[in-house]
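Some notes on the structure that comes next.
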Amino acid sequence: METAEIARRFLSYFEDNGHAVVPSASLVAEDPTLLLVNAGMVPFKPYFLGQRIPKWDRATSVQKCVRTVDIDEVGKTSRHASFFQMLGNFSFGDYFKERAIPLAWDLLTRPADEGGFGLPAERLWVTVYHDDDEAADIWADSVGVAPDRIQRFGMEENYWSMGVPGPCGPCSEIFWDRGPAFGEEGGPLADEDRYIELWNLVFMQFERGPGGVKKDYPILGELPKKNIDTGMGLERLAGVLQGVDNIYETDTLGRILHRAAVLTGTRYGDHHTSDVGLRVIADHMRTATMLVSDGVQPSNEKRGYVLRRILRRSVRNLRLLSGEDRNYLHDLTETSINAMADIYPELRTKADAIHNVIDTEEKNFADTLRSGTTLFNRAAERTKSTGGSVVSGADAFQLHDTYGFPIDLTLEMAAEQGLSVDADAFAELMQRQRDAAKADARAKKQGNADLSTYSALVDNAGATEFLGYSESEAEARVLGIISGGESVPAAREGDKVELVLDRTPFYAESGGQLADHGTIEVPGQGVVDIADVQRPVPGLSAHRGTVRSGVITLDDTVRAVIDIDRRASVSRAHSATHLIHSALRNLLGTGTGQAGSENQPGRLRFDFTANRQLGNADLAQVEEEVNAVLANDIEVRDFQTTLDEALSMGALAMFGEKYGDRVRVVEMSDYSRELCGGTHVNATGQLGLVKVLGESSIGSGVRRVEAAVGIDALRRVSRESLLVSQLSEQLKAPREELPERIDGLVGRLRSAEKEIERLRAEQVLASAPRLVAEARELGDTLLVAHHAPDGTTGDDARRLALDVRGRIPSDRPVVVAVAAVPKDRPVVVVATNEPARQRGLRAGDLVGVAARALGGGGGGKPDVAQGGGTDAGAVDAALRAVTEAVAQ
Ligand code: SER
């Protein structure tokens with residue numbers, strides 16, 4: 001049975017049993033405790049905790065997951081994958097164990113032609129938590145599993161939590177017997193290789209506190225309701241149903257694996273090492289494709305680093321297998337897209353953008369490998385030359401930090417040269433860097449408070465209600481005051497605080513739109529000036545500011561008022577961003593995606609993926625198209641709809657953003673339609689004018705346009721216009737003739753400079769007769785040592801030296817030295833004649849003497865030589881040194 005069919009069957013089985021089919025959430029987790037979604041239940045966590053009320057009490061999903069803790073195991077075992085899909089059914093306070101257990105068993109064992117998976121019951125075993133008699137009884141009595149096939153395990157195996165504070169509960173697992181060839185008889189207790197876990201049914205009933213990952217944590221109490229969370233790895237089930245020994249040989253991963261074998265000229269099954277390499281490539285390329293599709297961009301931190309690391313491991317494995325320096329990723333990305341598009345059709349529409357990101361990273365890494373290899377070789381040389389065998393942690397860190405070398409690459413390259421690496425020192429440097437980065441990020445998002453302070457507030461009081469789409473002021477209640485990182489009962493004049501209200505007109509910074517400013521006031525008692533609003537945890541707005549006067553206390557009723565001029569100006573920028581986005585897609589094609597944006601008062605920047613630079617003509621076209629839309633004064637509408645509906649209307653979703661299943665769409669007739677939570681103008685005419693200010697590259701494959709909007713755009717245009725008027729007056733030329741006039745001026749300036757140059761040279765050469773007359777006699781040697789005027793070039797000094805030498809009768813030894821400072825560094829030229837050379841006075845040696853005095857070096861032929869130095873003040877000393885050398 002094909003993987004896509006397994007997924008369809010799973011969903012339709014649970015749909016038939018009254019479950020809502022919920023699409024997979026983005027891999028980019030909304031949960032601030034996670035980098036990436038790593039289990040099917042993650043998007044539902046707030047429902048289990050009772051923080052949000054679901055629209056359905058039963059749901060089923062196939063959720064994309066990424067886990068990288070075991071990344072080193074990938075390819076070596078039969079079932080570790082960095083990307084996998086979790087089939088799950090969920091009950092939010094609806095059914096519990098009594099229904100979850102029979103449902104799972106029925107689906108697994110029901111014959112394939114009746115919509116099940118047709119697994120023979122005699123190859124299934126089950127486990128329960130050691131004291132969960134209730135579950136054991138259900139297995140035995142309602143399902144009819146033989147009691148000796150029900151085994152009991154402790155906390156580590158049969159109690160599930162996310163590893164961090166949150167929902168948890170005992171679980172029951174269904175195992176598949178791979179057969180006697182794989183190990184001992186006797187169920188999961190006897191052999192964990194022969195019996196593999198297929199499906200985990202979690203009876204989500206309690207809430208846990210901080211502590212160990214799998215055990216040693218406190219149970220804080222019961223959840224508001226008893227829930228069900230089940231998870232079955234789609235890849236594992238596919239392995240069982242397709243009769244293959246490991247997940248890399250299933251239909252989807254197998255396709256990528258075989259393509260990698262063809263590309264690298266290897267054969268799967270030939271050697272253990274090359275097989276591991278091929279499995280790693282298949283796994284990583286699929287994961288990378290899925291991550292990029294959810295908007296992750298390669299970078300040196302967090303999710304971006306996960307992506308960068310797996311792409312670089314793929315490149316390295318491909319090159320090791322093939323022994324060639326070629327680019328393979330485009331081909332394998334395409335194979336991955338084709339392998340996965342059955343379940344994720346959006347991969348095809350995003351294909352151009354996905355290729356763009358991955359191709360660029362591959363190219364960058366190739367450059368990195370070249371320069372990093374040089375650096376590595378130098379570090380290795382240094383290590384060996386001092387008799388050591390350990391490459392320092394600092395070198396490994398620099399390779400990582402500057403060249404993006406994964407540490408395992410450095411380790412491997414070191415091993416090839418018989419060296420090791422100081423991994424502890426490396427780890428310490430990495431940790432230091434991470435701590436610093438974390439502290440920076442925290443300072444922005446969280447202020448000084450610990451996330452748990454905010455979480456506690458949302459848990460107790462619920463999400464902040466946002467009124468700002470229609471209201472600019474509102475009455476609200478103070479639910480929380482955070483000062484100095486802690487919840488406090490009151491704040492007074494001068495205190496820096498964060499206020500949490502039950503409702504607010506203030507827009508919190510998000511989706512690239514900067515926060516509202518304004519005031520929160522308790523009439524007659526105190527005022528707080530608000531200068532920023534952030535959402536440190538989902539649903540909660542923290543208003544940051546300073547108490548201007550008086551006191552503000554918990555539970556106060558306040559008036560929250562936003563600065564409407566700022567809001568209007570930011571909204572204009574945000575609407576302009578949507579228009580520019582559409583214009584860019586019209587120009588560059590639909591492969592162009594949004595990579596970020598910032599909307600400030602009167603100004604915006606928009607980052608997008610593109611594989612070429614935009615010229616002036618491109619920018620002019622974008623600007624004109626956008627301003628034409630303003631002139632048409634199109635109505636800006638927003639409405640709520642389902643995610644599916646919005647996408648089918650062609651609404652642009654921000655690459656990588658995660659959306660709930662109800663979404664807000666902002667529409668400007670057919671010209672622009674985007675999923676967006678921001679604030680906008682009512683009609684495009686309100687923007688007045690949009691002026692594109694410029695375009696630049698901000699990283700691999702990502703470019704940025706900046707623009708001014710409204711009165712700011714006008715100011716910009718008038719400033720420039722004024723500048724042109726001034727130029728026109730100064731140059732006494734009509735505006736349209738300015739470029740020509742300036743060209744003319746620049747040309748004339750250039751020839752004037754050349755003329756000056758020529759005259760100066762003439763003047764320098766004109767001094768020759770005088771220098772001849774002033775030649776000094778040192779014994780029978782004639783010496784000219786001349787300090788030429790500043791600005792004399794090296795060439796002119798040489799010409800002068802040769803000219804002077806030629807003018808002096810050649811029967812006596814002649815030495816001519818000319819030194820000067822052309823710009824800021826001194827030069828010296830020495831010329832000698834034949835009799836001088838016979839006397840041992842060689843030009844090259846004498847220049848060496850002079851150049852040393854100038855703080856530099858030089859030399860050359862015996863008859864004429866040139867040198868230079870750095871000390872412009874030492875010209876006379878240099879000439880004296882030559883004189884002394886000649887005298888000796
Ligand atoms: N949350 C459980 C797991 O991830 C079951 O879905 O295994």
Check GLY144 against each of (1) out of contact with any Asp or Glu (no Cβ under 8 Å at 6 or more places or on another chain); (2) on the phi < 0 side of the Ramachandran plot and name the one condition it does not meet.
(2)
Within the range 67-89, can you find the residues that are within 13 Å of the ligand (Cβ to nearest atom) and open to solvent by less than 40 Å² (accessible area, probe 1.4 Å)?
PHE84, GLN85, MET86, LEU87, GLY88, ASN89
Out of all the residues in the range 719-757, which are open to solvent by 90 Å² or more (accessible area, probe 1.4 Å), closer than 29 Å to LEU693 by Cβ and over 48 Å from the mean Cα position of the chain (by Cα)?
GLU729, GLN730
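Considering ARG313, ARG326, which residue is touching a Lys or Arg at 6+ places or on another chain (Cβ under 9 Å), open to solvent by 10 Å² or more (accessible area, probe 1.4 Å), modelled with pLDDT under 90 and on the phi < 0 side of the Ramachandran plot? Spell out the reasoning first.
Numbers: ARG313 fails: touching a Lys or Arg at 6+ places or on another chain (Cβ under 9 Å).
After applying the criteria, what remains is ARG326.
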Kindly provide the set of residues from the range 361-399 that are open to solvent by 30 Å² or more (accessible area, probe 1.4 Å), in a helix (DSSP H, G or I) and of a type in the set (S, T, N, Q), ordered by number.
ASN364, SER371, THR373, THR374, ASN377, SER385, GLN398
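Of all residues in the range 233-277, which are more than 30 Å from PHE10 (Cα to Cα) and either of a type in the set (A, V, I, L, M, F, W, C) or assigned to a helix (DSSP H, G or I) (or both)?
Here is the first cut: in the range 233-277, the ones more than 30 Å from PHE10 (Cα to Cα) are 260-277.
Those that are more than 30 Å from PHE10 (Cα to Cα) and either of a type in the set (A, V, I, L, M, F, W, C) or assigned to a helix (DSSP H, G or I) (or both): ALA260, ALA261, VAL262, LEU263, THR264, HIS272, THR273, SER274, ASP275, VAL276, GLY277.
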Read through the list (1) within 28 Å of the chain's Cα centre (by Cα); (2) in a loop (DSSP other than H, G, I, E, B), then give the number of the only condition that ASP670 fails.
(1)
Looking at ALA4, ALA20, which one is farther than 29 Å from GLU301 by Cβ, more than 13 Å from the ligand (Cβ to nearest atom), in contact with a strand residue (DSSP E or B) (Cβ under 6 Å, 6 or more places away or on another chain) and open to solvent by less than 50 Å² (accessible area, probe 1.4 Å)?
ALA20
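Okay, residues lined up against (1) within 17 Å of ALA476 (Cα to Cα); (2) assigned to a strand (DSSP E or B):
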{"residue": "VAL533", "(1), (2)": "yes, yes"}
{"residue": "LEU540", "(1), (2)": "yes, no"}
{"residue": "HIS543", "(1), (2)": "yes, yes"}
{"residue": "ARG548", "(1), (2)": "no, yes"}
{"residue": "VAL551", "(1), (2)": "yes, yes"}
{"residue": "ASP555", "(1), (2)": "yes, no"}
{"residue": "VAL558", "(1), (2)": "yes, yes"}
{"residue": "ALA568", "(1), (2)": "no, no"}
{"residue": "ALA573", "(1), (2)": "no, no"}
Every pair of residues 6+ apart whose Cβ atoms lie under 6 Å, when the first sits in the range 225-249 and is open to solvent by less than 20 Å² (accessible area, probe 1.4 Å) while the second is basic (Lys, Arg) and in a helix (DSSP H, G or I):
TYR248/ARG279
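From the list GLY183, GLY163, which one is more than 16 Å from the ligand (Cβ to nearest atom), open to solvent by less than 60 Å² (accessible area, probe 1.4 Å), modelled with pLDDT under 95 and of a type outside the set (Ser, Thr, Tyr)? Break it down stepwise before answering.
Values: GLY163 fails: more than 16 Å from the ligand (Cβ to nearest atom).
After ruling out the rest, the residue left standing is GLY183.
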For the range 815-825, does any single residue satisfy the condition of being farther than 30 Å from GLU753 by Cα, of a type in the set (Val, Ile, Thr) and crowded, with 16+ Cβ neighbours inside 10 Å?
yes
Does the range 269-282 contain any residue that is more than 16 Å from the ligand (Cβ to nearest atom), hydroxyl-bearing (Ser, Thr, Tyr), surrounded by 20 or more Cβ atoms within 10 Å (Cβ to Cβ) and touching a residue at least 12 places away in the same chain (Cβ under 8 Å)?
no
Take ARG825 and decide whether it is part of a loop (DSSP other than H, G, I, E, B) and touching a residue at least 40 places away in the same chain (Cβ under 8 Å).
yes
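Counting just the residues of the range 857-888 that are part of a loop (DSSP other than H, G, I, E, B) and free of Cβ contacts under 8 Å to residues at least 24 places away in the same chain, which one comes out surrounded by the fewest Cβ atoms within 10 Å (Cβ to Cβ)? Break it down stepwise before answering.
Initial filter on the range 857-888 (part of a loop (DSSP other than H, G, I, E, B)): 861-863, 869-871, 888.
Narrowing further to those that are free of Cβ contacts under 8 Å to residues at least 24 places away in the same chain: 861, 888.
Details: LYS861: 12, GLN888: 6.
Only one residue tops the list, namely GLN888.
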Can THR577 be described as modelled with pLDDT of 95 or more, buried (at least 21 other Cβ atoms within 10 Å of the Cβ), within 19 Å of GLY694 (Cα to Cα) and under 26 Å from the mean Cα position of the chain (by Cα)?
yes
Residues in the range 29-58 that are within 12 Å of the ligand (Cβ to nearest atom), among the small types (Gly, Ala, Ser) and either surrounded by 23 or more Cβ atoms within 10 Å (Cβ to Cβ) or closer than 24 Å to ASN460 by Cβ (or both) total 1
So if I check each of GLU114, GLU157, which one is open to solvent by 50 Å² or more (accessible area, probe 1.4 Å) and farther than 20 Å from LYS97 by Cα?
GLU114
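Name the residue, out of ARG178, ARG194, ARG149, that is touching a helix residue (DSSP H, G or I) at 6+ places or on another chain (Cβ under 8 Å), charged (D, E, K, R) and either surrounded by 13 or more Cβ atoms within 10 Å (Cβ to Cβ) or under 23 Å from PRO46 (Cα atoms) (or both). Don't jump to the end; show me each part of the working.
Numbers: ARG178 fails: touching a helix residue (DSSP H, G or I) at 6+ places or on another chain (Cβ under 8 Å); ARG149 fails: touching a helix residue (DSSP H, G or I) at 6+ places or on another chain (Cβ under 8 Å).
Residue meeting the stated conditions: ARG194.
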Out of (1) free of Cβ contacts under 8 Å to residues at least 12 places away in the same chain; (2) closer than 20 Å to GLY295 by Cα, the odd one out for SER718 is which?
(2)
Per the list (1) modelled with pLDDT under 95; (2) buried (at least 16 other Cβ atoms within 10 Å of the Cβ); (3) within 27 Å of ARG8 (Cβ to Cβ), residue check on LYS64 breaks on (1)
If I filter the range 491-498 for residues that are of a type outside the set (Ser, Thr, Tyr), more than 33 Å from the chain's Cα centre (by Cα), open to solvent by less than 40 Å² (accessible area, probe 1.4 Å) and over 15 Å from PRO538 (Cα atoms), do I get at least one hit?
yes
Residues in the range 203-224 that are open to solvent by 10 Å² or more (accessible area, probe 1.4 Å), away from the ligand (no atom under 16 Å from the Cβ) and either of a type in the set (Gly, Ala, Ser) or part of a strand (DSSP E or B) (or both): how many?
7
Could you figure out which of (1) under 21 Å from GLU598 (Cα atoms); (2) at pLDDT below 95; (3) touching a strand residue (DSSP E or B) at 6+ places or on another chain (Cβ under 7 Å) isn't true of ILE530?
(2)
Scanning the range 229-257 residue by residue, the ones that are touching a Phe, Trp or Tyr at 6+ places or on another chain (Cβ under 6 Å) and either within 16 Å of the ligand (Cβ to nearest atom) or under 25 Å from ILE138 (Cβ atoms) (or both) total 5
Cβ-Cβ below 9 Å, separation at least six or inter-chain, first residue in the range 158-177 and free of Cβ contacts under 8 Å to residues at least 12 places away in the same chain and more than 25 Å from ALA190 (Cα to Cα), second part of a helix (DSSP H, G or I) and open to solvent by 20 Å² or more (accessible area, probe 1.4 Å): which pairs?
none
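The values are calculated or read from the model by the stated rules, or taken from the named source; none is laboratory data. As the structure is a prediction and not an experimental result, all values here were calculated from the model. Cβ coordinates were reconstructed from backbone atoms using ideal geometry, including for glycine residues, and neighbour counts include every protein chain displayed. To get the accessible areas, we keep the full protein, side chains included, count just its heavy atoms, and leave off ligands, DNA and RNA. Shrake-Rupley method; radii C 1.70, N 1.55, O 1.52, S 1.80 Å.
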